[in-house]
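Below is one structure, written out as structure tokens, with a few remarks after it.
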Amino acid sequence: MPAQATTSLSTSSTSKYDATTAPVASQLSKEVVGKLAVQLDKEIQDGKESVDIEGLLAFQRLTNYLSAAQIFLRSNALLTRPLEKNDIKRRLLGHWGSCPGINFMYAHTNYLMSKREKDTGGECPKFLFVTGPGHAAPALLSCLYVEGSITRLYPQYPMSVQGVEKFVRAFSFPGGWPSHVNAETPGSIHEGGELGYALAVSYGSVMDNPDLITVCVVGDGESETGPTATAWHSHKYVDPKESGAVLPILHVNGFKIGERTIPGTMDDLELTALYTGYGYQVRIVEYDFAPSKESVPSSDHEHDVEINYNMAASMEWAYSEIRKIQDAARSGKPIDKPRWPILILRTPKGWTGPKKLSGNPIEGSWRAHQVPLPAAASDDEQFKLLEEWLKEYKPEELFDLKITSADSRAHDATHKSEALIDSTVGVLAE
Ligand SMILES: Cc1ncc(C[n+]2csc(CCOP(=O)(O)OP(=O)(O)O)c2C)c(N)n1
């Protein structure tokens, strides 16, 4: 993963090439190719005051906590007493690695919608959120629970202390939710398991559906599949006058199950050149890894804040580009070969999770893909790491909330999420 500022395109000449170092610098010219990437430094700075950074961070902290809790805990979901090994599920199933990135993108999609709703005096754009990595079910379930959609459709999981206990226990548990997004997941339009189709289905969803914007998360591993590779061209079949728009977000967390992804080995210039060639305007949103941590990417609060400002400005930019293209087509002055926006998001795999186990990096490496501490119920070191990890989210603050009410509405920490409850929610999973 790259270790440079969020606003500069990476051309680092890393000679050592292991599982956590930055991509080897390409031979492409920064002067030529670098100009193709959209720069938003001023917009990020100017927008800072108006961004609800606390709301965005609270949503992510809560959904990240719930994602990790679902993978590991069968009791003591709110950590109201010290964790015991007996609280840990006997069979650990699920995928942690892409959860924090998905929670981040979901938070920003919600945020964009609710901001637009406010700006237009109540008219909320219709959005779908389609994800390729359907194994990130703990993330999607967390978002759906926090915003109230789960409780609305499944009253057996109320917004109460008892409800959280039941909800957390139900993941990958007999009679509960499966480890991948399935047809029972609220808003799901495709069952998960097989990578490759998120982008094609997203384009299908907007055809002859002029008011819909589908935010499509493509995992960098998924992007290597044949079906995804051809689907990048699908915008060429979208008539902005009578169809909606897809906003693809290529989620480069750098790794698939046990190896680097191809996009994870490409520097920003290579990614910019590739996706510009497909016909998109490329905006790269990048986590600025702490340089003091050598080559191992490591999350911290300051960088979490910065990438949230960056993403908020980038989503605004993407939305306005989509509207520009649509307004032109719908007012009789269509743009020839419009260049639709794409976001390329680089975040550490397993972001905010355990940093290392027995000296090996977990966060920012393939080891974060599935269950990062698989022997937490029996191994003392892993148990301790799990407890520390969960406590870092400060659940005692997160759940000091109106969630104690039996009401099915989202609580205040989500700030902006209510808009999504009554909107179309699409969760596609492979
Ligand atoms: C067609 C297909 N091939 C292989 C797999 C096995 N598989 C499951 S997850 C995964 C890696 C996915 O990587 P990515 O899309 O980057 O997701 P993330 O890293 O965000 O978890 C693979 C190869 C699959 N589910 N479908």
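Listed here are the strands (runs of 3 or more DSSP E) enclosed by region 151-264 that have at least 3 residues being within 15 Å of the ligand (Cβ to nearest atom) and either over 19 Å from Y280 (Cβ atoms) or at pLDDT below 95 (or both), and there are none. As for region 386-402, it holds no residue that is in contact with a Pro (Cβ under 7 Å, 6 or more places away or on another chain), within 20 Å of K166 (Cα to Cα) and at pLDDT below 95. Of all residues in region 131-190, those satisfying the criterion of being in contact (Cβ under 8 Å) with a residue 60 or more places away in the chain and among the hydroxyl-bearing types (S, T, Y) are T131, S142, Y145, S149, T151, S160, S172, S179, T185, S188.
Looking at S223, is it surrounded by 22 or more Cβ atoms within 10 Å (Cβ to Cβ), out of contact with any Phe, Trp or Tyr (no Cβ under 9 Å at 6 or more places or on another chain) and hydroxyl-bearing (S, T, Y)? So S223 does not fit the description; no.
The rows are residues; the columns are (1) crowded, with 17+ Cβ neighbours inside 10 Å; (2) out of contact with any Gly (no Cβ under 6 Å at 6 or more places or on another chain); (3) hydrophobic (A, V, I, L, M, F, W, C); (4) under 15 Å from H135 (Cα atoms).
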{"residue": "E191", "(1), (2), (3), (4)": "yes, yes, no, yes"}
{"residue": "E194", "(1), (2), (3), (4)": "no, yes, no, yes"}
{"residue": "Y203", "(1), (2), (3), (4)": "yes, yes, no, no"}
{"residue": "V215", "(1), (2), (3), (4)": "yes, yes, yes, no"}
{"residue": "G219", "(1), (2), (3), (4)": "yes, no, no, yes"}
{"residue": "A229", "(1), (2), (3), (4)": "no, yes, yes, no"}
{"residue": "H233", "(1), (2), (3), (4)": "no, yes, no, no"}
{"residue": "Y237", "(1), (2), (3), (4)": "no, yes, no, no"}
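Which one is farthest from the ligand (Cβ to nearest atom), of the residues in region 266-283 that are hydroxyl-bearing (S, T, Y) and under 17 Å from T225 (Cβ atoms)? Top of the filtered list is Y278. Any residue at all in region 289-311 that is at pLDDT 95 or above and not in a helix (DSSP H, G or I)? Checking region 289-311: not a single residue is at pLDDT 95 or above and not in a helix (DSSP H, G or I).
Only one entry in A139, A107 is within 16 Å of the ligand (Cβ to nearest atom), among the hydrophobic types (A, V, I, L, M, F, W, C) and under 27 Å from P248 (Cβ atoms), namely A139. The set of residues in region 207-231 being more than 23 Å from F104 (Cα to Cα) and aliphatic (A, V, I, L, M) consists of M207, A229, A231.
The values are calculated or read from the model by the stated rules, or taken from the named source; none is laboratory data. The structure presented is a predicted model; accordingly, all values stated were derived computationally and were not measured. Ideal geometry is used to build each Cβ from the backbone, glycine not excepted, and the neighbour counts take in all protein chains shown.
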